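The values are calculated or read from the model by the stated rules, or taken from the named source; none is laboratory data. What you see is a predicted model; the values in this text were computed from it and never measured. Glycine gets a Cβ as well: all are built from the backbone with ideal geometry, and neighbour counts include every protein chain shown.
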Amino acid sequence: MKIALIGRTSMLMKTADLLMSNGFEIGAVITSPAAPEYSITEKDYEKLANSLNVYYACTTKINYIVDDLNSLNCDIGVSMNYSSTISKDVVNCFNLGILNAHLPRYRGNATPNWAIINGEQNIPLCIQYMIGGELDSGDIIGKEYKKIDISTKIGEIYDWAEEVTPKLYLDVLNKIKEDNSYRLYEQSKNKHDIIRCYPRLPEDSRIDWSKSNIDILRLINASSKPFSGAYGFYDDKKIVFEDCQLFEDTILCYSWTSF
């Protein structure tokens with residue numbers, strides 16, 4: 001099976017390594033500029049493409065390279081954290097479509113961060129068939145869960161996803177090889193079951209001290225490493241809160257930086 005790699009992050013790079021070590025062929029690499037918190041950049045993806053001698057593109061406008069994609073004869077796309085919505089024309093470049101990793105109820109950007117802030121009790125990681133022009137709305141083909149609580153930090157979720165995602169992709173691609181009609185279930189189309197998530201800006205991590213201690217702790221956990229941290233001001237000094245715990249009715253912060 002010949003795969004087009006589409007997206008960003010170290011998770012996608014590790015997925016590519018695992019797939020290749022299990023006999024899958026990477027036939028193209030399409031990426032876009034990395035976010036500041038990413039440990040893997042577009043340069044790393046370019047090196048991968050060069051080492052494999054395959055097509056490479058770094059663009060935020062994948063919909064403009066449809067002719068190139070059609071000429072590659074890749075069977076399926078494997079996508080993660082691409083920077084813009086992918087059109088139906090791009091999905092149709094691949095006989096088996098494009099697979100994407102996401103959280104099923106949360107759709108869009110910074111989904112695990114929003115899940116922490118909203119007090120979810122678990123994080124479901126899914127592999128789904130992409131529907132062109134839509135956000136994370138296709139049929140689910142693979143799924144794993146991580147339980148979270150008031151003390152869970154965003155870095156823990158990233159570490160878990162980095163370990164689980166490549167294995168989940170390998171599992172679903174092996175299932176597709178055996179039966180390309182395989183599905184777990186269809187995602188809900190009810191708008192009340194869907195939370196549209198937008199990118200989190202630095203100012204979104206400013207602490208509103210009128211909020212409850214639990215809400216503040218969730219914001220700190222959702223803004224911690226690899227992100228720049230939740231922050232507040234004291235005597236005109238900016239203080240970044242990196243690690244805190246909830247003790248009865250009080251938040252104890254034992255790691256912070258002032259500017």
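When only residues in segment 88-108 that are at pLDDT below 95 and among the small types (Gly, Ala, Ser) count, which is nearest to residue 27 (Cα to Cα)?
Across segment 88-108, the extreme among qualifying residues is 101.
Of all residues in segment 161-217, how many are part of a helix (DSSP H, G or I) and either outside the structural domain of residue 233 (by TED's automatic domain parsing) or not hydrophobic (A, V, I, L, M, F, W, C) (or both)?
27
Quick test for you: out of 127, 123, pick the one residue that is aliphatic (A, V, I, L, M), assigned by TED's automatic domain parsing to the domain that holds residue 26 and either in a loop (DSSP other than H, G, I, E, B) or in contact (Cβ under 8 Å) with a residue 40 or more places away in the chain (or both).
127
Quick check on this structure: which one of 75, 67 is among the acidic types (Asp, Glu) and either touching a strand residue (DSSP E or B) at 6+ places or on another chain (Cβ under 9 Å) or at pLDDT below 95 (or both)?
Answer to the check: 75.
Only one of these conditions is not met by residue 126: (1) touching a Pro at 6+ places or on another chain (Cβ under 6 Å); (2) surrounded by fewer than 21 Cβ atoms within 10 Å (Cβ to Cβ). Which number is it?
Going through the list (1) touching a Pro at 6+ places or on another chain (Cβ under 6 Å); (2) surrounded by fewer than 21 Cβ atoms within 10 Å (Cβ to Cβ), residue 126 breaks only (2).
Looking only at residues that are out of contact with any helix residue (DSSP H, G or I) (no Cβ under 6 Å at 6 or more places or on another chain) and surrounded by 14 or more Cβ atoms within 10 Å (Cβ to Cβ) in segment 186-199, which one is nearest to residue 108 (Cα to Cα)?
195
Mind listing whichever residues of segment 72-126 are farther than 30 Å from residue 212 by Cα, within 10 Å of the chain's Cα centre (by Cα) and polar (S, T, N, Q)?
Passing the criteria: 79, 81, 100.
Conditions tested, residue by residue: (1) among the β-branched types (Val, Ile, Thr); (2) modelled with pLDDT under 90; (3) closer than 30 Å to residue 24 by Cβ.
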| site | (1), (2), (3) |
| --- | --- |
| 168 | no, no, yes |
| 172 | yes, no, yes |
| 177 | no, no, yes |
| 184 | no, yes, yes |
| 214 | yes, no, no |
